[in-house]
Structure formats: C-alpha cells, structure tokens
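These notes are about the structure you will find just below.
The values are calculated or read from the model by the stated rules, or taken from the named source; none is laboratory data. Note that the structure is predicted; figures quoted are calculated from it, not measured. All Cβ positions, glycine included, derive from the backbone under ideal geometry; neighbour counts span all protein chains shown. Each accessible area value is taken on the protein alone, full model and side chains, heavy atoms only, with ligands, DNA and RNA left out. Shrake-Rupley method; radii C 1.70, N 1.55, O 1.52, S 1.80 Å.
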Amino acid sequence: MTVAAKIESMIGKEVVVSRLIDAPRERVFDAWVNPSKLARWWGPHGFANPRCEIDPRPGGRIYIEMIRESDGRMFPLDGEVEIVEMPSRIVLRARGYNAADDKTTIEDRVTATFEDRDGKTLVTVHLYVLDVAPAFAEAARRMDIGWSQSLKRLEGTT
C-alpha cells in the first residue's frame with residue numbers, strides 16, 4: 001500500500017525566533033538598517049550577500065542577493081520597509097523569487113523587535129508567511145532554523 005505524503009501549507013503560519021545579543025539595542029538595530037552590516041549577517045550559515053540595499057524608512061526598498069557558497073546559486077529577495085521605530089521595531093515585507101523567471105518562491109512579513117535587557121538586546125523575529133511556492137515548502141518549514149542561524153550571525157557583527 002502506498003501512502004501519499006501530506007504537505008501542510010505554511011501560508012498563514014507564523015514563525016517566531018528570539019536571541020539575546022550582548023550589545024546595546026541601538027547597535028543591534030543599526031545592524032538591521034545599515035546595508036554593509038546587514039550584508040554580513042543576513043541568511044543562514046553558508047550564504048553570503050554580495051549585494052545588499054535597504055532604505056530604512058516606511059516605503060523604502062530592501063534588496064538582497066543571497067548566494068549559497070557551496071554552489072553559487074543566487075536567491076534574490078526584494079521588498080519594502082513598512083514600519084521603522086528606531087531602535088525598537090522594524091517591519092519588512094520581503095519576497096524571495098527566482099531570478100530567471102521572477103516567480104515568487106516565498107513571501108513573508110518580517111517583524112523584528114529589539115528590547116533592552118540590562119545593556120543586552122533581546123531580538124525577536126516574527127515571520128508571517130504570505131505565500132510560498134510548492135518547490136520551497138520544505139525550506140519554508142525550516143525557516144526557524146535559518147533565522148536562528150541568522151540571529152547567531154547578527155550577534156557576531158554587533
């Protein structure tokens with residue numbers, strides 16, 4: 001008997017990841033809105049960001065070219081900054097897409113909050129999945145791992 005695998009949709013799901021970073025929240029927040037700093041930590045282990053742009057104001061653009069170092073495959077991301085409340089919160093709408101045909105691979109709303117904890121910063125990222133292509137469903141289910149790795153990289157840049 002063959003049993004078909006059930007793939008649960010990630011659309012409408014929220015992923016929450018937090019990390020306490022040993023740096024003041026102004027410095028941690030700056031690592032989110034300064035393109036050269038953002039390029040050093042965005043994405044999971046094994047990715048580099050040779051092109052990274054962010055205009056940190058409502059309506060501003062974010063654009064990142066994530067390159068997987070193992071095979072050189074590019075995963076571009078573009079989107080819009082929706083809310084900026086320095087140094088406590090930033091909200092982005094981000095869309096990963098296939099550079100060859102401009103089809104969306106994943107789209108989400110990223111809300112990052114920055115809480116002062118005695119000179120350290122508790123960063124909490126809420127990802128709300130808006131859309132995901134079937135080929136990226138498994139990657140979407142592992143976003144918590146990718147964001148945990150990203151926040152660890154963020155800690156190393158502050």
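Is there a residue in region 140-148 that is open to solvent by less than 30 Å² (accessible area, probe 1.4 Å), touching a residue at least 12 places away in the same chain (Cβ under 8 Å) and either farther than 15 Å from residue 10 by Cβ or touching a Gly at 6+ places or on another chain (Cβ under 6 Å) (or both)?
Scanning region 140-148 turns up no residue that is open to solvent by less than 30 Å² (accessible area, probe 1.4 Å), touching a residue at least 12 places away in the same chain (Cβ under 8 Å) and either farther than 15 Å from residue 10 by Cβ or touching a Gly at 6+ places or on another chain (Cβ under 6 Å) (or both).
Quick grid of which residues meet (1) in contact with a strand residue (DSSP E or B) (Cβ under 9 Å, 6 or more places away or on another chain); (2) open to solvent by 40 Å² or more (accessible area, probe 1.4 Å); (3) closer than 21 Å to residue 148 by Cα:
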| residue | (1), (2), (3) |
| --- | --- |
| 52 | yes, no, yes |
| 61 | yes, yes, no |
| 84 | yes, no, no |
| 90 | yes, no, yes |
| 101 | no, yes, no |
| 118 | no, yes, no |
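State whether the residues of region 63-71 include one that is open to solvent by 40 Å² or more (accessible area, probe 1.4 Å) and farther than 27 Å from residue 137 by Cβ.
no
Could you list, in sequence order, the residues of region 11-50 that are open to solvent by 50 Å² or more (accessible area, probe 1.4 Å), within 16 Å of the chain's Cα centre (by Cα) and either within 15 Å of residue 153 (Cβ to Cβ) or among the small types (Gly, Ala, Ser) (or both)?
Residues satisfying the conditions are 18, 19, 36, 37, 40, 45.
Name the single residue, out of those in region 72-82 being assigned to a strand (DSSP E or B) and open to solvent by 50 Å² or more (accessible area, probe 1.4 Å), that is modelled with the lowest pLDDT. Spell out the reasoning first.
Narrowing region 72-82 to residues assigned to a strand (DSSP E or B): 74-82.
Right, trim to open to solvent by 50 Å² or more (accessible area, probe 1.4 Å) and you get 74, 80, 82.
Working: 74: 93, 80: 98, 82: 98.
If we take residues in region 72-82 being assigned to a strand (DSSP E or B) and open to solvent by 50 Å² or more (accessible area, probe 1.4 Å), then 74 is modelled with the lowest pLDDT.
Residues in region 20-31: is at least one in contact with a Phe, Trp or Tyr (Cβ under 6 Å, 6 or more places away or on another chain), at pLDDT below 95 and not hydroxyl-bearing (Ser, Thr, Tyr)?
no
For region 98-116, indicate whether the set of residues that are in a strand (DSSP E or B), closer than 15 Å to residue 47 by Cβ and at pLDDT 95 or above is non-empty. Give the steps one after another, and end with the answer.
Of all residues in region 98-116, those in a strand (DSSP E or B) come to 104-116.
Next, from what is left, pick out any that are closer than 15 Å to residue 47 by Cβ: 105-106.
This time we only want the ones that are at pLDDT 95 or above, so: none.
Checked region 98-116: no residue is in a strand (DSSP E or B), closer than 15 Å to residue 47 by Cβ and at pLDDT 95 or above.
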